[in-house]
Amino acid sequence: MTQPNTQELNPREKRPLDTGSAESTSTSPKFSPQVDIWENDKGLTVVADMPGVSAEGLSIDLNENVLTIHGQVEIPFPGRRIISQEFEVGDFYRQFKLSEEIDQEAINAVIRDGVLTVNLPKLAPAQPRKITVVSA
Amino acid sequence: MAFLPFWGREWPVRFWELEKMRNHMETVYNALAGGINQIRRNYTGVFPLVNITEDDNSLFLTAELPGLVADQLEVSIKGDTLTLKGTKTAEKAEENVNYHRRERETGTFSRSLTLPLKVKAEEVEARFKNGVLTITLPKAAEAKAHQITVQAQ
């Protein structure tokens with residue numbers, strides 16, 4: 001792994017999903033996951049913290065250069081009484097606009113221990129084509 | 001948190017105005033904060049945030065710890081104090097990358113909390129699934145509610 005980080009973690013409240021001007025019709029909360037995104041010449045990698053999301057509850061979609069990730073979280077233990085609540089539980093949803101040309105066929109995604117990793121390989125750049133002008 | 005309204009004669013009229021203003025501000029704040037405000041009430045400011053629920057037989061403690069693996073997580077219980085410790089490490093990026101976003105934090109944590117009632121420490125179970133830690137703490141016999149039958153005479 002990387003170098004050990006001994007910095008103490010601070011709690012952060014989950015960021016409620018910003019729906020812009022559109023109102024949400026559902027009453028259950030939705031959150032915007034925290035992400036790391038990095039890029040090199042081979043492709044783009046998106047890593048998102050989505051605790052409580054299993055592979056079955058996850059949908060990833062790339063449409064017109066917009067990457068959408070949506071993780072459904074099962075509301076745990078309905079019927080139990082709440083004694084103390086510090087965080088809310090809800091689905092995760094976030095969209096990214098990609099500027100690079102992505103090889104759609106080669107996208108792969110893995111979710112492990114509540115962390116989603118999406119690899120988006122870039123398309124091989126179009127080869128410059130020399131056009132010979134023939135004189136008539 | 002609300003100020004107790006004080007309607008007594010000693011309360012000078014000028015404070016009354018202040019109280020009214022404060023109430024008004026609280027209403028606005030609540031409207032803005034919405035549901036989040038309710039949760040802040042229990043906000044302790046120590047990582048990780050935990051929810052505690054119960055049923056008749058057990059207490060359940062949940063914490064969201066994405067990216068941790070079970071062996072980086074230490075759960076211990078002593079008396080009525082439960083301690084959670086662990087380290088969150090970064091995902092390994094490839095060489096020569098440029099970051100576009102870096103929101104996920106890494107580091108260590110240690111949190112102790114006092115359980116609201118007696119539990120059977122030797123029967124406590126901790127499970128880690130999809131980045132969510134769930135600790136099941138069976139209630140001690142003396143902490144369970146007893147149903148008392150009312151007899152008609």
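The values are calculated or read from the model by the stated rules, or taken from the named source; none is laboratory data. As the structure is a computational prediction, the values presented were derived from the model and not from experiment. Heads up, the Cβs are rebuilt from the backbone with ideal geometry, glycines too, and the neighbour counts pull from every protein chain shown. Keep in mind that these areas ignore ligands, DNA and RNA; they rest on the heavy atoms of the full protein, side chains included. Shrake-Rupley method; radii C 1.70, N 1.55, O 1.52, S 1.80 Å.
Remarks
- Residue that is most open to solvent (accessible area, probe 1.4 Å), among those in the range B:43-87 that are of a type in the set (Ser, Thr, Tyr), touching a strand residue (DSSP E or B) at 6+ places or on another chain (Cβ under 9 Å) and more than 30 Å from A:ASN40 (Cβ to Cβ): B:THR44
- Within the range B:126-140, the only residue that satisfies the criterion of being surrounded by fewer than 20 Cβ atoms within 10 Å (Cβ to Cβ) and either outside the structural domain of B:VAL75 (by TED's automatic domain parsing) or assigned to a loop (DSSP other than H, G, I, E, B) (or both) is B:ALA140.
- Of the criteria (1) at pLDDT 90 or above; (2) part of a loop (DSSP other than H, G, I, E, B); (3) more than 14 Å from every other protein chain (Cβ to nearest Cβ), which one B:GLN153 fails: (1)
- Residues in the range B:104-139 that are β-branched (Val, Ile, Thr), within 19 Å of A:GLN34 (Cβ to Cβ) and in contact with a Pro (Cβ under 7 Å, 6 or more places away or on another chain): B:VAL132 only.
- On the stretch given as the range A:110-131, residues that are surrounded by 12 or more Cβ atoms within 10 Å (Cβ to Cβ) and farther than 30 Å from B:VAL69 by Cα total 2.
Every residue, every condition in (1) at pLDDT 95 or above; (2) open to solvent by 60 Å² or more (accessible area, probe 1.4 Å); (3) within 7 Å of another protein chain (Cβ to nearest Cβ), yes or no:
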{"residue": "A:SER21", "(1), (2), (3)": "no, yes, no"}
{"residue": "A:TRP38", "(1), (2), (3)": "no, no, yes"}
{"residue": "A:ASP61", "(1), (2), (3)": "no, yes, no"}
{"residue": "A:VAL66", "(1), (2), (3)": "no, no, no"}
{"residue": "A:GLN72", "(1), (2), (3)": "no, yes, no"}
{"residue": "A:ASP103", "(1), (2), (3)": "no, no, no"}
{"residue": "A:ASN108", "(1), (2), (3)": "no, yes, no"}
{"residue": "A:VAL133", "(1), (2), (3)": "no, yes, no"}
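- Qualifying residue in the range B:129-143 (condition: modelled with pLDDT under 85 and either among the charged types (D, E, K, R) or in contact with a Leu (Cβ under 8 Å, 6 or more places away or on another chain) (or both)): yes
- Residue tally, condition of a type in the set (Asp, Glu) and at the interface with another protein chain (Cβ under 7 Å from one of its Cβ atoms), over the range B:41-87: 3
- If you filter the range B:88-125 down to residues that are surrounded by 17 or more Cβ atoms within 10 Å (Cβ to Cβ) and more than 7 Å from chain A (Cβ to nearest Cβ), you find that the one that is farthest from A:VAL53 (Cα to Cα) is B:VAL119.
- A:ILE69 satisfies every condition listed in (1) in contact with a Lys or Arg (Cβ under 7 Å, 6 or more places away or on another chain); (2) more than 18 Å from A:GLN34 (Cβ to Cβ) except (2).
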